[in-house]
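These notes are about the structure you will find just below.
The values are calculated or read from the model by the stated rules, or taken from the named source; none is laboratory data. This one's a predicted model, so the numbers in the text were calculated from it and none came from an experiment. For neighbour counting, all protein chains shown are included, and Cβ atoms are generated from backbone atoms with ideal geometry for every residue, glycine included. Side chains are part of the model used for accessible areas, which takes the heavy atoms of the whole protein and leaves out ligands, DNA and RNA. Shrake-Rupley method; radii C 1.70, N 1.55, O 1.52, S 1.80 Å.
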Amino acid sequence: MEASGVLTRLARFDPHVAGTFPLGLDVPGSDIDVLCHAPDAEAFAAALWEAFGHFAHFAVWQWQKADRPVIAAFSVAGVPFEVFGQALPVERQHGWRHFAVEARLLRLGGAGLREAVMAARRAGAKTEPAFAEVLGLEGDAYRAMLDLGEKNDTGLVEVLKRRGSPGG
């Protein structure tokens, strides 16, 4: 990660690495996710073009909904990256909130939970749906994970126990 220079190039956007790699839940094809605070979408897109436009597989796009976040994808030495910039501070972004609760669950649930989530990931599930499947959460997996993030550790342990999930 450091050798790529990605965090240095994005320093003015408060970059945070999130997703499967720091959680140890990556599978072949996983990318390194970097979340940024980008209150000015045009300036952020221009910075992405300047910093990464020459990297392999570079693409940048902007969502049409909500505050119109900007996303870039590229590869560094064969490792895929996805950079997400939104007007919200990183700590309030859904991606960071998912990452934070997943890290807490893995800490509380131990090796059994990690293995169960990895089995679901290896079977093709995205990260949040894999957690939802293992924990027996119903409905929208992404919303359910955000809701879990509102619980303290005692509440998360109760979810782990109630669902009979590994580590609970």
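Brief remarks follow.
- Here the relative contact order of the chain, from alpha carbon pairs under 8 Å that lie six or more residues apart, stands at 19 percent.
- If both residues of a DSSP beta bridge must be in the stretch 12-168, then about 70% of such bridges are antiparallel.
- Straight-distance candidates among the aspartates and glutamates for linking to LYS65, with alpha-carbon spacing under 16 Å and chain neighbours fewer than 8 residues away dropped: ASP40, GLU42.
- Mean silhouette area of the stretch 48-168, derived from the convex hull of its C-alpha atoms and averaged over all directions, reads 8.9 nm².
- Accessible surface of the chain, 1.4 Å probe, proportion on carbon and sulfur as whole %: 53
- Applying 0.36 nm per residue to the separation of SER75 and ARG163 and subtracting their alpha-carbon distance, the gain on full extension is 27.8 nm.
- Efficiency of FRET from Cβ geometry, TRP49 and LEU146, R₀ 35 Å, rounded to 0.05: 0.65
- When all protein chains stay in place and ligands, DNA and RNA are ignored, the 1.4 Å accessible-area order of TRP63, TRP49, TRP96, largest first, is TRP49, TRP63, TRP96.
- Per residue accessible area of the chain, 1.4 Å probe, in Å²: 51
- 19 Å reach of a label modelled at LYS65, 7 Å along Cα-to-Cβ, counting backbone N of the stretch 84-105: 84-89, 92-99
- Taking 7 Å steps out from each Cα toward its Cβ at PHE58 and ALA123 produces label points 4.1 nm apart.
- Under 26 Å from LYS161, Cα to Cα: lysines that are on another chain or at least 8 residues apart: LYS126, LYS151
- The slack in the chain from ALA111 to VAL27, taken as 0.36 nm per residue of separation less the alpha-carbon distance, amounts to 28.6 nm.
- Charge dipole of the chain about the Cα centre (unit charges at C-beta), most positive-ward option of VAL117, ALA18, ALA59: VAL117
- The stretch 29-118: trypsin sites (Lys or Arg not before Pro) in DSSP loop, at most 13 other beta carbons within 10 Å: LYS65
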